[in-house]
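Participant: Okay, handing you the structure first.
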Amino acid sequence: MSGTAQADTRAHPGNQAGNPTGAEAGNRSSRTIQLISFTVGNEEYGVDIMAVREIRAWSETTPLPNTPEVVRGVINMRGAIVPIFDLRARFGMQRTEPTKYNVVIIVSVASRIVGILVDAVSDIITINEDEVRPMPEMEQVSGIGFMEGLITVGERMVGLIGLNRMFSGRMLEAAERMPPKPMLTGPAESAGAA
């Protein structure tokens, strides 16, 4: 009988063992987020894993005329035309010279599917939302406008990219101008036919 009473006491949410302290309750109320981290040059960045639809090896894109320098072109992904953006160029660096080691992360932004070309995918990071530190105030720094904050992971500093910020205005307009129907001669279909 006392063994049952002890088990019941431990399981009861009102007892001291089951009742978290204020600090523990505060930690639990902080929302946990997961990020996919990746590298561009020597820097590491991350995006919310909930926005990521797929990670693909680099494959040639079909270039389109009159698009910004950061738009590499489009790929045909299971019948959908997906614009691919060069993140290195978006950060004000030279355009990426893609190799077989580069990766395209397919993300959902404002109900549109787009791809971002990065150097490599690094990790999946799980953090509490309150671990994101604000960006330091700096003017005229390329790319800082769409950074939502910084995260420290061990010795690494990871920049959190706000996809909605990155693809607002001109970038999303470029994506919206992409042709709505699949192209019959795109690189993805040519490779599939071979």
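Bear in mind that the values in this text are calculations on the coordinates, not laboratory data. The structure displayed is predicted, hence computed values, not measured ones. All Cβ positions, glycine included, derive from the backbone under ideal geometry; neighbour counts span all protein chains shown.
Participant: I want to check the label-to-label distance for Arg78 and Asp130. Put each point 7 Å from Cα in the C-beta direction and report it in nm to one decimal.
Facilitator: So the two model labels end up 3.9 nm from each other.
Participant: Contact order normalised by length for the range 98-138, with contacts defined as Cα pairs under 8 Å and 6 or more residues apart; what percent is it?
Facilitator: In percent, rounded to a whole number, it is 30.
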